[in-house]
1. Using the count of nearby Cβ atoms within 10 Å as a rough guide to exposure, how do A:Ser124, B:Ser244 rank from fewest to most?
2. Express the relative contact order of chain A as a whole percentage, based on alpha carbon pairs under 8 Å and six or more residues apart in sequence.
3. Output the lone cysteines of chain C: those with no second cysteine's C-beta under 4.7 Å from their C-beta.
4. Amide H neighbours of C:Met145 under 5 Å, counting only residues 5+ apart in sequence or on other chains, H built in-plane at 1.01 Å?
5. Rg and Dmax in Å for chain A, alpha carbons only: what are they?
6. What is the packing order of peptides A:345-358, A:201-214, taking the mean over residues of other C-beta atoms within 10 Å and listing the highest first?
7. Taking every pair of distinct Cα atoms and averaging 1/r, then inverting, what Kirkwood hydrodynamic radius in Å comes out for segment B:114-174?
8. Could you work out the per residue convex hull volume over the alpha carbons of the protein assembly as shown, in cubic angstrom?
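Each value in this text was obtained by applying a stated rule to the coordinates, not by laboratory testing. The shown structure was predicted, so the numbers you read here are calculated from the model rather than taken from an experiment. As a convention, Cβ positions derive from the backbone with ideal geometry for all residues, glycine included, and neighbour counts pool all protein chains shown.
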Amino acid sequence: MPLRIGIVGVGYSGFDSMTPSLSTRELMFEAATRAYEDAGVDPRKDVQSFICCTEDFWEGISITDEYMPDQLGAVLKPLCTISSDGIVGLATACMHIMSGIADVAVVESHSKISDVVNPDEISSFALDPIYDHHVNADPRFVAGLEMARYLKETATKREYCAQVAVKNKKNALLNPRGVHGADLDKKAVLNSKIAASPLTELESSKTIDGSMVFVLASAQKAKKLGNHTVWINGIGWSSDTPWLEDRDMARAAYAEQSAARAYKMAGVRNPATYFDLAEVDDTYSYKELQSLEALKLAAKGKAGKMVESGAFDRDGRLPVNASGGSLGVGHLLEATGLHRVLEAVLQLRGQAGRLQIQRAKKAVVQSWRGIPTATGAVAVLGN
Amino acid sequence: MKNRVAIVGAGMTLFRRRMLESPKELSFEATRMALDSAGLELKDIQSVVSGSAPDAFDGMHMKGEYLLDGMGGIGKPNQRVYVGGGTGVFTPIGGFWNVASGMYDTCLCVAEEKMSPLHPHPQYAFWSIFDQILERPLGTTLLWIFSLEMRRYMHKYGIKEEEIASVAVKNKGNAVDHPCAQLGAKITVDDVMNSEPICWPVKRLDVSPPSDGAAAVVLATEKVAKKLTDQPVWLDGVGWTLDSTHWTNRDLAYPEYVEKAAWMAYKMAGIKKPRKEIDIAEVYDPFDYKELHHMEGLQLAGKGEAAKMAVDGVTQRDGDLPVCPSGGLLGVGNPIAAAGMMKICEVFWQLRGEAGKRQVKKDARTGLAQAWGDLMQVGTVAVMRS
Amino acid sequence: MILSQKITSYPGHEITPEDVKEGKYLDVVYKFEPKYSWAAGVAISRFLAELKEGRIIARKCMNCERILVPPRMYCEQCFRPTDEWVQIKDTGTINTYSISHVGTDARRLKTPILVAVVDLDGATPGMGILHNLGEVEPSEIKVGMKVKAVWKSSSERQGAITDIRYFRPIGEE
């Protein structure tokens, strides 16, 4: 039987390049207040578990969970950090509900990247201290390596990657959260500054601030909360080796494994035709192609051609990143996965406004933790 | 609860001030030993939960990712759980929900900490746990909050430094029998009292040392566990709670967050009278007074009454309620997350009657491990049964 | 059945700082320098601005009627926005104290730092802040002692917690 955990409330704040008037905690309070209102729950009475997805150095604080309970209504309640992408936080909430620890659980993640002066210093600090750290380069060199290998192995045309950026940035123009929306052509994307060859700046998502809070409930409890539940029917997360040198850089093995688990749980047999929309990793342009193949939404080496043909456009066969994704909206560090889920939830509720895809019933969402990791997660959602 | 959860294997490395092994290698050693003790191979493991406290110690951003291969996490679902000093006991709690939920049948739980890489001193990492605007400019150290809490605790209940020192004497003495211990020693209350004050009332011998080390356990469903061993140890109750960020607004004399966490775990395990039903307790003891403070939060002693139990010998290995028979953090060492996991390992070994020279005198059937962390804020509790 | 009693050795090799210095074992040295410019937010920005003026400000929650310091825009107990600013006094009571002989990097200090949690007058009882003590002998400090803030001069104040130099005893009222 498929997994059946309800997303009964969502709330968000920020979605801006900077949020100088609010502290991280105040930004979270806004998102939490909206999510609880949306779900119709009182966090002081109705929620049994709170989960935050953060990494210390992004916050500039060691042990960031210290600073999380108050603004989530979690004081003297079970709260913990899962140092991973927000979708792994959702998976944790699912397990808390399935094991009876909680009937209602809350997941939060955020980016306050505008507080960080030198983010590259932090990203580089995640490289192996002995083998890789001496490469004194923009940490996106890892993406450059992957992209080059992906293009070579799949014989994907270079311009197909640029088309991903064109598509997503254009989609974002319709999204009120779309900080990096733009109407560009492939030439502009290809001619933008090189970030890490062959990757260009316009193919590289830019970080923004934002907080997101999700309220999850057991199937039984969800029936009593609100009338716009979106169901998590399958969830999976996985990691490939942390050694850059050992990975098959052409493929996203972590996404393949995550998808296999999530699909199995949800009973998805033919992913290519099963979904009405997909929000997948597009931290960098090529990542969307690589991810689509890992998720079996495109055959190996065929994703680029399909993007080029318009199959993944908003009005295409399978809208992919109709929200604008990370390239069009912005990248939210560990909250990136929750952003993708947020966009899918709004679609499945029919609340996506100008972005709305008609008759959207089933969605797949996938995220990646970014350089230099090979960790990601997949969720299968339905209404 | 969907599935009952068993602990089927445990392992740990030596705890030392500075180890040759890299963080990955330490993780591997503990993991390999836990797998061997369960009679399992990595292919038998379906998911991994990792625990490690601030990234600042090992000196890595996204430390959980870096440690992954040492912890057997490649190609597997991995969660790094993190609640500061509470992480060690929280790591198997993470494993608990992986298995209890029915999501996975086996889960490897590994905790690692290598504190020695940080220069000039591991303590420096703790500066960045404080509020960056209101507290760090004052030149804060972690020792401040401990000593402030200890002072308040002593003041409220009229507890003497000598009584508190008896905990350090007991734990360092117990650690003499632990093969991994860093600071096992036969010392006296006078030794503690005469040790140099570092942040009065905290003195040198009131404090656990910074350490390098790793520890691991393997969890499994009842079905899997019964195939592996005649002696599974059941993880029957888990609990955790976080109090407010604003630690200067709280009653520092009593750890309400530990009480809440304990009742969550007790309720799950069906324990109604903890003092009667718990046979042994590995209570978190990074500082000697913390053991007493936490015993009260855990309902193993009345408020202000734990010191008397320590002085009267109730908490000795041959006492009515042995506390920290391992030697605790004060004696075995304190590689933060690994130290909490060491406590889980100890209860596992004690409940199986495998603790050798450390075996408690009484017939121990129900045990408890607890850790604490953050800005004196988090309690994590695990109740185990043989 | 595998018994842990049968485990005769535990893995790991200890090394000393001298081993590393002598080059017996290699290490890689790196100075990590992340930089932040944290947005203080609504509550703390106002708190700091008031400190610059030599005043301490708190926030009140009308639901639980607590006066909260450090101020926050939300009440963590009631989970609702707090309602109004309240000026509180720069006097208070020592809730607890310590005499610190070590600095942030664990090095021994020549002169110990005196630290305390000071419950501030005008806030709800038990609402304390962390600060230093001064103009007092360590042996004379007591829990329950009345203290008052000693401020930097207005020209020296920058809108920081250190605009208060320390708290000093003022005797019983």
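1. Details: A:Ser124 22, B:Ser244 19.
In increasing order of surrounding Cβ atoms, one gets B:Ser244, A:Ser124.
2. Numbers: 912 pairs, mean separation 94.6, N = 383.
Value for chain A: 25 percent.
3. Taking the Cβ cut-off of 4.7 Å, the unpaired cysteines of chain C are C:Cys64.
4. C:Ile94
5. According to the Cα coordinates of chain A, Rg and Dmax are 19.2, 56 Å.
6. Values: A:345-358: 17.0, A:201-214: 25.2.
The packing order, highest mean first, is A:201-214, A:345-358.
7. Working: mean 1/r = 0.0715 Å⁻¹.
Computed over segment B:114-174, the radius equals 14.0 Å.
8. Given the Cα convex hull of the protein assembly as shown, per-residue volume reads 154 Å³.
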